[in-house]
Amino acid sequence: MFGLLALVTASVFFGAAIYINVAEQPARLGLDYRSALAEWGPAYRRGFEMQASLAIVSGLLGAAAWWQTGNPLWGLGAAVIILNWPYTLLVVMPVNRRLEATRPEEASDQTRALLTRWGKVHAGRSALGAIAAAIYLLAALRGF
């Protein structure tokens, strides 16, 4: 049961992350600089809360499945989904800080470049979610 819940939460994480990359981010970049920056702030805060929680829950569930079954794939999936935390702190947060330091009235071409960069580094979170979900799925299939 822990493993299937880990798979579900990792899949929801991946779904949310990929939605940001394929729908929200392109729409944001279609706005003027000021509006794009103003939209990014609240959207990021809400998305971070949801994705951070999903990563932790999925990681704990994957670790519990590993402990319960002894199948190391559950542990590997847990490690990959938890990697979103250090990845976010080390790769995404420096871009976030620069965006947060920009006031909307100061938005410029540089702001657009930062928002574009943010989308690219956020794709790393999407990739980690996809990899974790795939590992969990493989672990679940091996359990049958």
**Study point:** Exclusive hit being closer than 20 Å to Ala27 by Cβ and buried (at least 18 other Cβ atoms within 10 Å of the Cβ), set Arg125, Arg117
**Key:** Arg125
Review point. Restricting attention to the stretch 15-27, does a residue exist that is within 15 Å of Leu137 (Cβ to Cβ), among the small types (Gly, Ala, Ser) and buried (at least 17 other Cβ atoms within 10 Å of the Cβ)?
Key: no
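Okay, residues lined up against (1) closer than 15 Å to Leu128 by Cβ; (2) of a type in the set (A, V, I, L, M); (3) free of Cβ contacts under 8 Å to residues at least 60 places away in the same chain:
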site	(1), (2), (3)
Trp67	no, no, yes
Asn71	no, no, no
Ile82	yes, yes, yes
Asn96	no, no, yes
Leu99	no, yes, no
Thr102	no, no, no
Glu105	no, no, no
Ser108	no, no, no
**Study point:** Criterion (farther than 25 Å from Ala140 by Cβ, modelled with pLDDT under 95 and out of contact with any strand residue (DSSP E or B) (no Cβ under 9 Å at 6 or more places or on another chain)) met by exactly one of Ser35, Ser53
**Key:** Ser35
Revision key, fill the gap. All conditions in (1) free of Cβ contacts under 8 Å to residues at least 24 places away in the same chain; (2) of a type outside the set (S, T, N, Q); (3) over 30 Å from Met1 (Cβ atoms) are true of Gly75 except (3)
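Take the residues in the stretch 93-116 that are hydroxyl-bearing (Ser, Thr, Tyr) and in a loop (DSSP other than H, G, I, E, B), then tell me which one is farthest from Phe48 (Cα to Cα). Break it down stepwise before answering.
The first filter runs over the stretch 93-116 and keeps only residues hydroxyl-bearing (Ser, Thr, Tyr), leaving 102, 108, 111, 116.
In the following step, the residues that additionally are in a loop (DSSP other than H, G, I, E, B) were identified as 102, 108.
Working: Thr102: 19, Ser108: 25 Å.
Ranking the qualifying residues of the stretch 93-116, first place goes to Ser108.
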Check your understanding: Being under 18 Å from Glu24 (Cβ atoms), β-branched (Val, Ile, Thr) and either at pLDDT below 95 or under 11 Å from the mean Cα position of the chain (by Cα) (or both), is that true of even one residue in the stretch 102-111?
Key -> yes
Check your understanding: Going by the structure shown, is Arg28 under 30 Å from Ala134 (Cα atoms), at pLDDT below 90 and either of a type in the set (Lys, Arg) or in contact with a helix residue (DSSP H, G or I) (Cβ under 6 Å, 6 or more places away or on another chain) (or both)?
Key -> no
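The values are calculated or read from the model by the stated rules, or taken from the named source; none is laboratory data. Worth saying up front: this structure is predicted, and the values here are computed from it rather than measured. Ideal geometry is used to build each Cβ from the backbone, glycine not excepted, and the neighbour counts take in all protein chains shown.
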